[in-house]
Structure formats: C-alpha cells, structure tokens
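*Asks:* Have a look at this one before I ask anything.
No value in this document is a laboratory result; all are computed from the given coordinates. Everything quoted here is computed from the prediction, not taken from an experiment. Virtual Cβ from ideal backbone geometry, glycine too; neighbours counted across all protein chains shown.
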Amino acid sequence: MKNRIFKYYLILISLVLLVTMLFTTKVAQNYYKGEVENKLLSIAFSLEYYLLGAQAKDIDYDGLARDFAGNYTADNNLSEKSLRITFVDFTGKVLGDSEADFKGMENHLDRKEIREAVAGNRGKDIRPSKTMGLDFLYVAVPLKQMQVIVRAAVPLVQLAKINQMVQFYALLTFLAALLLSMFISWKITTSITKPLLDITLASQEIANGNYKKRIRVNTSDELGRLALNFNEMSAKLDATIIDLNNKKIEMESIINSMTNGLVAVDNDLNIILVNPEAFRLFAINTAADLAGIKIVQYIRNNQINSLLKETIHTGKNLECNIHYGGRIFYIKTSPIRSPNNNGNNSGGIVFIQDITKVRKLEQIRTEFVSNVTHELKTPITSIRGFIETLKNGAVDDKEVAGRFLDIIDIEAERLYVLIEDILQLSEIETKQKDIDLENLSLIDVVEEVFAILQPLADEKNISLNYSAKEKVLIEANKNRMKQLLLNLVDNGIKYNKPRGAVDITAIREKGRIVIIVKDTGIGIPSRHLNRVFERFYRVDKGRSRDMGGTGLGLSIVKHIVNLYNGDIKVSSELDKGTEFIIQLPC
C-alpha cells in the first residue's frame, strides 16, 4: 500500500503538471496566432483599399505584391521572408505573388482559405507552404467588385520558440514538484500504512471466516479509535453471523420442504425469493437466478400481479383461483411488513397451491354421483312401477304377471351388472399395482373370452377371430386381462352388423405387446372419440341401454390399461367399424 500511495501521488502531480504545461503552451500559441492573424487582416484590408482606389483595369498584381511585401518588410526591420502577398482571382488563378513566379504556380482554388474567400467569407488556414517550405498562416479577404482575393501570409517561426520556452519552465517546475511530492508521500505512507496493514490483515481473516480475530491497539489517535471500533464490530459480527446462519438454515429447510409454491417480491415487484415448488408450478428453469428480476418476466399472469400490487398497497391478505398453463391454482397474497413499522409494506408474498386434481376429483365425484343416481333411478323406477301394477290386481293375471316379473328380473339384472361394474372400477382405481400376476399366454385368455361370448356372437352371426405371428406371453392378472378383452369384444359384438366380425391381433413391437381389437360394426362418430373412455358416456344412450350397457365398460378398460402403465387408442369410421389399439410393457 505504501508503494501504491507513493505511486498514485506522483502520477497525480505528473498529470496536473502535464495538463498545466499543455494548457499554457496552447494559450501562448493561440495568443500568438491571434496577433499574427490580426496583423495579416490589417495588411489585406490595406491592399483591398488600395485596389479599390486604383480602379485600373490592367493592374500589375505581381509587382504590387512584391513592392508591398518588400516595403512592409523594410519598414518593420523584418527578415526578407517574413511577409508574403498573393493575389488570386475567383477561379483560383494566381495573379501575382511576392515570393515566387506566379506564372508557374498551380491553381489555388483547392486551398481552404481561397474556398472560404470565394464563398464571401474571410478565409484562414495554417499549413506548410509547398513553394517556401515553411509553416505559414494564411489569411484571405475577397474583393467582390474586382473578383480578386487578397491573401497575406507569414511563417510561424515564433511557435517553436514559444514551445521551447514553455516546456523549459514546465520541466523545471515538474522536477521541483516531483522532489517535493516524493518527500511528502513518503512521510504520509510511513505514518498510515502500518496501522492500515494490521487492519487489512485482520479484515482478511474475518472475511475468510475467522470472526474471532482482533487488532492490537498501540495508539490513541484516529487510527487507534478505528482499531477499537473494528474489534467491537468484529465481535458483534461474529454473534450476528452465527444467529443469521441458524435462521437461514431453518428458513431454507421450511421453504424448500413446502408442498405449495412461494414467491416473495419487494415494493417494485422485483423477486426476492422463489422456492423449488414455485419453480415447478410455473415451469421455470431451476438454474435461473431470479433475484432482482421483475416478477412479470417469469409469471405472466395479470391476476397474480394485480393481487400482489393490491396487497402491498392495502396491506390486506387476498386470495383467488386462477387458470394457468392448463391447471387451476389457488392463490393467496400476504404483505411483508416494513421492519421500521412506518405503516408501509416492504413487499408481498404469494402462495400457490395446485388444486387441479382436487377440482378434477370434485368434478368426477359430482358427475359420478349424478350418473349413478340417474342409472340407478331408471331401473328402480321401472321395478317399482311394475310392482305397484302387480299389487293393484295384475298379479291375478298369470300371463301379465309373468311378463311383468320377467321385466322386473331384467331390470334387477341391470342393477346387479351396474353395481358390479361400479365396484370393479372402484377396485381398479384404488390399486397402485396389480396383484396375483402370472406369465400368461394371450391365446388362452382370448379363447376363454370367445367361449363366453360365442352364444351372443352366434345370435348376430358374428365371427370371432384371433391371429398372432408368435406365441405372445404377458405377465398380468388373468382375471384382469380377461375382463379387459370381454368388455372390448362384447362391445364389438353388440354394435356390429349381422354377419360381421371381431378380430383380435397380438404382436411384439419395440419392447411392447400390442393388442388390436377390431370390429366391422356401425362405428363411432369422430366427435365422440375423445370421450368414449369417460364413465357413463354413451354415443347413443337409448340404444346402449337397450343392449344392456352400463356405460362403464370402456372406462374399466382404460383403468386396467393404466394399471399396467400401458396406453390405449381408438380409431373409427362410421359404418366401417372401430379399432382399439392397446400397448402394454413386456
């Protein structure tokens, strides 16, 4: 540090002296040039006045230039090359010159001072003369009446002398100041650097985590008091850092373990903190450093930002539900109270809870209860109606009573099937993984399904077919796979045309088992394809009920496929048939 102070002090003095020297030189040069320019203008005006008074057509400009320059030089005891006079017409042609043969001189229209004079202004320029080989100051004055330009010039021989004189005195001053500054800076650095070095070394240790470091105090001056204050500060810092680290660890543990998203902002809506769950909910790159960035750059939702602004302004807790990225979020905002208790808030916190699944489950529950109620109500109403009729005397008519009892039996069977399907669907939904798994041959399961449904197929003259290039084995629960195929083949028979077919194909492809169930039936309109796996959804409600369908068959199929981490797709054409493609992991 001692060398640095010494060096900086010398650099500062050197810069000040250098600037002073340059400024002094520039001022002297400008003063000298200004004086010379004024003299040249006076000479040019004298010649202009003379020409206006002569009013002669054939003026010997060359002779006039030489005579005037010679007389002026002799009258002022100057050297023979001190003054140069040149006459130029407005086309740039030289009419006469006091120092050179004007006839051999080039056109002067490209000279700066000549161009300015032709434009009607006083021209001025400084440049080396090609003819004389010296730096000249040129001044040109236009004489519009005679279309002649009077140019006067002198060599700036005094500039070099001025520069030498200024530089000489500046150098002497610089050397004297340099010696003085060296002495002063040495004294200053010697008295300051030792205590500062002790403080620097101590601060480095504290910065490295040694908050126990203290400075030995040897003086009672300002540096001594600084050392005492430093020791007190390090002691308080040690206690504060320990406390802050403990609180930071506790706070990070709490925030990072939260199942809800949390974002904190300041009064200007600049982000202060974002927890991992908020990164996930808003699909923000976890590597992004959001501190100090406007919240609107990453959470582009006007409701959230407006709610935060209102909370910060009013200090009230606010809440709402929003739709964001195809999900439903419950949002609650709370103010961050100002630490100085001045009544203002220093920011706001927004809590985000993903309630998409909750709302979806609520909707499913509502729809399910509504659909179950509707499905149960129809057969129960029918049963009660026929029982009431029987009670009112129809029971005595054996033919009517028998027919009514058959209908009651059909409706009771429908209720049984519906309840059975509901229980099966509930059982599958609650399972995370199937049990009683075995290595099945798919052909054995298909044959059992065909055996059960063959009578129904024979009624409509429907052929049931299975094809596979190889023996396909699958690890699954046999009853579950049987239930899956029963529902698909049963639908293929019910909604088929007479003399139609239901074909099952099984193949192994890219590490998966693909089962295709295809029929030649009436087909499904394209607008219904994305909803056929919903509970109680029917394409043709009346026809489906007439055939004994509960509306849960395909929903059960979908949940069985999901239970095995598989995938199911459906494609269909009206009057051409429907195809279900199931992919299950091997």
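*Asks:* About the Cα centre of region 211-252, what is the dipole size in debye to 20, counting +1 per Lys and Arg Cβ and -1 per Asp and Glu Cβ, all else neutral?
*Replies:* Once rounded to the nearest 20, the dipole reads 180 debye.
*Asks:* How far apart, in nm, are the 7 Å Cα→Cβ label points at Tyr50 and Arg225?
*Replies:* Using points 7 Å along Cα→Cβ, the separation is 8.0 nm.
*Asks:* A further question on this structure: Using modelled amide H (1.01 Å from N, peptide plane; none on Pro or chain starts), what sits under 5 Å from the amide H of Tyr466, excluding residues fewer than 5 places away?
*Replies:* Hits under the 5 Å cutoff: Ile504.
*Asks:* Could you give the length gained by full extension between Arg280 and Asn439, i.e. 0.36 nm per residue of separation minus their alpha carbon distance, to one decimal place?
*Replies:* Fully extending the segment from Arg280 to Asn439 adds 53.3 nm.
*Asks:* Quick check on the exposure proxy: order Val88, Val502 from fewest to most C-beta atoms within 10 angstrom.
*Replies:* Ordered from fewest to most neighbouring Cβ atoms within 10 Å, Val88, Val502 come out as Val502, Val88.
*Asks:* Mind checking region 425-473 for GluC sites (Glu not before Pro) that DSSP puts in a loop (not H, G, I, E or B) and that have at most 16 other Cβ atoms within 10 Å?
*Replies:* Counting only loop positions with at most 16 other Cβ atoms within 10 Å, the GluC sites (Glu not before Pro) in region 425-473 are Glu470.
*Asks:* Sorting check: for 243-251, 529-537, 148-156, 261-269, which peptide has the highest mean count of neighbouring beta carbons within 10 Å, and how do the rest follow?
*Replies:* Answer by packing, highest mean first, reads 148-156, 261-269, 529-537, 243-251.
*Asks:* Return the distance in nm (one decimal) between the two label points of a simple spin-label model at Ser346 and Ile410, each offset 7 Å from Cα along Cα→Cβ.
*Replies:* 7.8 nm
*Asks:* Okay, helix-only estimate at 222 nm for the chain: each DSSP H run of n ≥ 4 adds -39500 (n - 2.57), divide by all residues, round to 500 deg cm²/dmol; what do you get?
*Replies:* On the way: 13 runs with 300 residues, N = 586.
When only DSSP H runs of four or more count, the value is -18000 deg cm²/dmol.
*Asks:* Taking +1 at the Cβ of each Lys and Arg and -1 at the Cβ of each Asp and Glu, which of Pro498, Ile474, Ala44 sits farthest along the dipole of the chain towards its positive end, judged by Cα position relative to the Cα centre?
*Replies:* Towards the positive end, the residue furthest out is Ala44.
*Asks:* Where a Cα-Cα gap under 18 Å defines reach, which aspartates and glutamates qualify for Lys471, not counting those fewer than 8 residues away within the same chain?
*Replies:* Glu438, Asp444, Glu447, Glu448, Asp503, Glu509
*Asks:* Evaluate the charge dipole of region 258-354 about its Cα centre and quote only its size in Debye, nearest 20, assuming +1 on the Cβ of each Lys and Arg and -1 on the Cβ of each Asp and Glu.
*Replies:* The dipole of region 258-354 has a size of about 120 debye.
*Asks:* Could you tell me which of the pairs Lys26/Lys93; Lys39/Lys144; Lys482/Lys569 are separated by over 28 angstrom between their Cα atoms in the structure shown?
*Replies:* Result: Lys26/Lys93 exceed 28 Å.
*Asks:* Here's another thing I want to ask about it. Taking 30 Å as R0, compute the FRET efficiency from the Cβ-Cβ separation of Asp60 and Asp110 and round it to 0.05. Write down the numbers at each step before the final one.
*Replies:* Values: r = 26 Å, r/R0 = 0.86.
The calculated FRET efficiency here is 0.70.
*Asks:* Points 7 angstrom from Cα along the Cβ direction at Glu232 and Lys360: gap in nanometres?
*Replies:* 6.3 nm
*Asks:* If you line up the long axis of helix 158-207 against the longest principal axis of the chain, both from Cα atoms, how many degrees apart are they, to the nearest 10?
*Replies:* 40 degrees
*Asks:* Then there is this: Tell me which of Val570, Leu156, Ile241 sits at the most positive position along the dipole axis of the chain, charges placed on C-beta atoms (Lys, Arg +1; Asp, Glu -1).
*Replies:* Farthest along the dipole direction, towards plus: Leu156.
*Asks:* Of the cross-linked pairs Lys112/Lys161; Lys398/Lys497; Lys213/Lys248; Lys433/Lys460; Lys433/Lys518; Lys469/Lys558, which ones have a Cα-Cα span greater than 30 Å in the structure shown?
*Replies:* Lys398/Lys497; Lys433/Lys460
*Asks:* Assign unit charges at the C-beta atoms only (+1 for Lys and Arg, -1 for Asp and Glu), then state the dipole size of the chain relative to its Cα centre in Debye, rounded to the nearest 20. Intermediate values should be presented prior to the final figure.
*Replies:* Values: 75 positive and 71 negative charges, 353 e Å.
Charge dipole, the chain, about its Cα centre: 1700 debye, nearest 20.
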